[in-house]
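Chemist: Take a look at the following structure, please.
The values are calculated or read from the model by the stated rules, or taken from the named source; none is laboratory data. What you see is a predicted model, and the numbers here were worked out from it, not measured in a lab. Cβ placement follows ideal geometry from the backbone for every residue including glycine, while neighbour counts extend to all protein chains displayed. With ligands, DNA and RNA removed, areas are computed over all heavy atoms of the protein, side chains included. Shrake-Rupley method; radii C 1.70, N 1.55, O 1.52, S 1.80 Å.
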Amino acid sequence: KVVQDLQTQNIPLIRLARPIINTLNQDSLRLWYRDPVKENSIIDYSFAGNIFPSECHPLISTNNCFADTAYLAENNFSIAPLNFFSTRQLQHQVTLQDREVLHTFAINYQYSSPPQDLNRDYQALYQIYLHPSAQFVNLEKNNQEVDVSINKEIVNGLSLFQVPLLHSPQGDVSVKINFKLENVLSTDSSTPLSYSIKTYHQPGTELKNN
């Protein structure tokens, strides 16, 4: 029926194009295959939602190049539509210091007039992919270090950190999650150092807030 309406122009083609363009802009295109062979042929690629280690660009000197990868996915386990009452901004800062690489994910929340009967905290789970040698340093909430229990595993050649956090959905809340990679940068001063990083964007979030 939809195809017929498009052919007869009862439904303008632009009405179909707009949601497709919006989906592409949010990196959340979904594909289904009836044939499992075709489905399995793409499941191991990055565009299928998997995160893989990056490589240095061919134009960069590979003799002294360090390739890094970063991806943060945030999951709401509070079973409350807090996104209707909040804005969120994510900043990812990378610092090269001596032989170390430091990663800081800074997430700022602003809550405006949540319902009075919302009697639960925001329960977030941050899933963060980094280089396999990455180590968790600490987590800060509103500039105070928080003691959290994290889980780390190696997935597709990358470190996957599972970092849980609770906070009250009131006013402004700042979260910083810090990681470090020790002894990964070369000390050979005779060869220029190159640093390459690939960052992935979480589908469903606006690029302007990342």
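Chemist: Just for segment 148-182: of the residues that are touching a residue at least 40 places away in the same chain (Cβ under 8 Å) and closer than 12 Å to H131 by Cβ, which one is most open to solvent (accessible area, probe 1.4 Å)? Step through it out loud before you land on a result.
Modeler: We begin by selecting, within segment 148-182, every residue touching a residue at least 40 places away in the same chain (Cβ under 8 Å); these are 155-158, 164-182.
Of the ones still in play, those that are also closer than 12 Å to H131 by Cβ are 157-158, 179-182.
Values: G157: 40, L158: 2, F179: 3, K180: 56, L181: 0, E182: 72 Å².
Among those that are touching a residue at least 40 places away in the same chain (Cβ under 8 Å) and closer than 12 Å to H131 by Cβ, it is E182.
Chemist: With the requirement that a residue be open to solvent by 70 Å² or more (accessible area, probe 1.4 Å) and at pLDDT below 90, what does segment 183-197 give you?
Modeler: Residues of segment 183-197 that are open to solvent by 70 Å² or more (accessible area, probe 1.4 Å), as a first pass: 183, 187-190, 192-193.
T187, D188, S189, S190, P192, L193, listed by residue number.
Chemist: Go through A80, A73 for me and flag whichever is open to solvent by less than 30 Å² (accessible area, probe 1.4 Å) and over 20 Å from the mean Cα position of the chain (by Cα). Let's see the steps before the verdict.
Modeler: Working: A73 fails: over 20 Å from the mean Cα position of the chain (by Cα).
Selected residue: A80, the only one of A80, A73 that is open to solvent by less than 30 Å² (accessible area, probe 1.4 Å) and over 20 Å from the mean Cα position of the chain (by Cα).
Chemist: Need the failing condition index for Y126 against (1) more than 16 Å from the chain's Cα centre (by Cα); (2) closer than 19 Å to Y200 by Cα, just the number.
Modeler: All conditions are met except number (1).
Chemist: Now for a separate question. Yes or no: segment 143-160 includes at least one residue that is farther than 26 Å from T87 by Cα, of a type outside the set (K, R) and touching a His at 6+ places or on another chain (Cβ under 8 Å).
Modeler: yes
Chemist: Given the condition at pLDDT 95 or above and open to solvent by 30 Å² or more (accessible area, probe 1.4 Å), answer yes or no: does some residue in segment 105-115 qualify?
Modeler: The answer is yes; a qualifying residue exists.
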